[in-house]
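Chemist: Would you mind keeping the following structure in view while I ask a few things?
No lab work stands behind these numbers, since they all come straight from the coordinates. Small disclaimer: the values here were computed from a predicted structure and weren't measured. In this analysis, Cβ positions are derived from the backbone assuming ideal geometry, glycine residues included, and neighbour counts consider all displayed protein chains.
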Amino acid sequence: MTGVPATARARARAELTEEIKAAGRHQLAAVGASELSLRAIARELGMVSSAVYRYFPSRDDLLTALLVDAYDALGAAVERAAADRRGAFETRWVRVAGAVHGWAAEHPHEWALLYGSPVPGYRAPRDTVPPAARPPVAALGVVADAVAAGEVSASPPIAAPLPRPVRADLARVRAGLGRDLPDDVLARAVYAWTQVIGAVSFERFGHYANVVEAPGDLFAHQARFTARWVIGAGRS
């Protein structure tokens with residue numbers, strides 16, 4: 001009999017935790033991450049502040065939970081796209097990039113939390129590292145598949161020799177990926193992933209305003225162009 005109340009309490013706690021996080025996401029949309037307030041969330045939910053603090057002892061704890069949820073959601077979207085093995089590398093890369101682009105369009109405030117301006121006074125803990133790695137690991141896995149399939153040409157190395165510290169960083173990336181990629185290919189893949197994130201952010205944060213009228217078409221072309229560059233297939 002003792003297990004039933006405990007289970008009910010655990011369920012109630014989980015439900016209230018999700019309500020608090022949902023209110024936090026509402027605040028992200030209304031006032032931005034820098035103005036996130038546990039007291040305001042308590043008012044929105046009709047709770048006393050002390051009750052909210054039992055779930056999230058500080059604003060930073062709630063921010064971390066929201067970051068983890070957002071990274072996991074984006075990671076799941078990228079992983080689903082990467083798991084679709086239809087087509088050659090270019091098709092798969094465009095599919096992965098499109099998943100990022102689509103998720104950002106559907107979750108603009110969470111995107112801003114992940115890739116926008118740092119929140120003053122907040123320093124993300126290591127708890128956020130594994131969720132943050134999910135999207136790039138899935139994307140780089142598609143590059144690794146292309147290498148294994150022989151789609152990557154024996155093209156010359158990237159224009160500038162890789163400095164020794166960069167090679168050390170790439171070795172850590174390769175270890176985390178768990179797939180064997182040559183340094184030059186891995187470097188191009190990392191740059192391509194950075195381009196995806198940067199291009200989405202450029203669009204999300206309004207930098208194409210009054211300049212680009214078809215940002216979705218531009219993004220898709222960028223993804224195709226970058227895919228061909230990654231595998232050394234030329235610039236056509």
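Chemist: Say a paramagnetic label sat at a point 7 Å from the Cα of residue 209, along Cα to Cβ; which residues of the range 15-30 have their backbone N under 18 Å from it?
Modeler: 29-30
Chemist: What translational diffusion coefficient, in µm²/s and rounded to a whole number, does the Stokes-Einstein relation yield for the range 137-205 at 25 °C and a viscosity of 0.890 mPa s, taking the hydrodynamic radius as the Kirkwood radius over Cα pairs?
Modeler: Working: Rh = 12.9 Å.
The estimated diffusion coefficient comes to 190 µm²/s.
Chemist: So how do 72, 127 line up by other beta-carbon neighbours within 10 Å, fewest first?
Modeler: Numbers: 72 15, 127 12.
Ordered by Cβ neighbours within 10 Å, fewest first: 127, 72.
Chemist: Just to check I understand the Karplus step: with θ = phi - 60° and J = 6.51 cos²θ - 1.76 cosθ + 1.60, what whole-Hz values come out for the range 178-188, glycine and proline as x?
Modeler: x, 10, 8, 10, x, 3, 5, 5, 5, 4, 4
Chemist: Let me ask something else. Under a 10 Å cutoff between Cα atoms, tell me which one of 185, 147, 166 has the largest fluctuation in the Gaussian network model of the chain.
Modeler: The residue that fluctuates most here is 166.
Chemist: Then there's this: Suppose a student asked you for the relative contact order of the chain, using Cα pairs under 8 Å spaced at least 6 residues apart; what percent would you report?
Modeler: 21 percent
Chemist: If you don't mind, another one. Measuring from centroid to centroid over Cα atoms, what is the spacing of the range 1-70 and the range 101-180 in Å?
Modeler: Their Cα centres are 30 Å away from one another.
Chemist: With the contact rule set at Cα under 8 Å and sequence spacing of 6 or more, what percent relative contact order holds for the range 1-57?
Modeler: Values: 23 pairs, mean separation 14.7, N = 57.
Reported relative contact order: 26 percent.
Chemist: Same structure, new question: Can you check what the Kirkwood hydrodynamic radius comes to for the range 1-57, Cα pairs only, in Å to one decimal? List each step's numbers first, then the result.
Modeler: Numbers: mean 1/r = 0.0824 Å⁻¹.
Hydrodynamic radius (Kirkwood, Cα pairs) of the range 1-57 is 12.1 Å.
Chemist: Relative to the present Cα-Cα distance, how much length would full extension add between residue 194 and residue 160 at 0.36 nm per residue of separation? List each step's numbers first, then the result.
Modeler: Details: separation 34, 0.36 × 34 = 12.24 nm, distance 1.80 nm.
Residue separation times 0.36 nm, minus the Cα-Cα distance, leaves 10.4 nm.
Chemist: Continuing with this model, one more query. Please name whichever of 225, 171, 148 sits farthest to the positive end of the charge dipole of the range 142-236, dipole taken about the Cα centre and charges placed at Cβ: Lys and Arg +1, Asp and Glu -1.
Modeler: 171
Chemist: Using the 10 angstrom Cβ neighbour count as an exposure proxy, how do 230, 68 rank, fewest first? If you can, show how the numbers build up before the last one.
Modeler: Numbers: 230 26, 68 18.
Ordered from fewest to most neighbouring Cβ atoms within 10 Å, 230, 68 come out as 68, 230.
Chemist: Semi-axes, largest first, in whole Å: what does sqrt of 5 times each Cα gyration tensor eigenvalue give for the chain?
Modeler: Working: eigenvalues 299, 86, 56 Å².
For the chain, the semi-axes come out at 39, 21, 17 Å.
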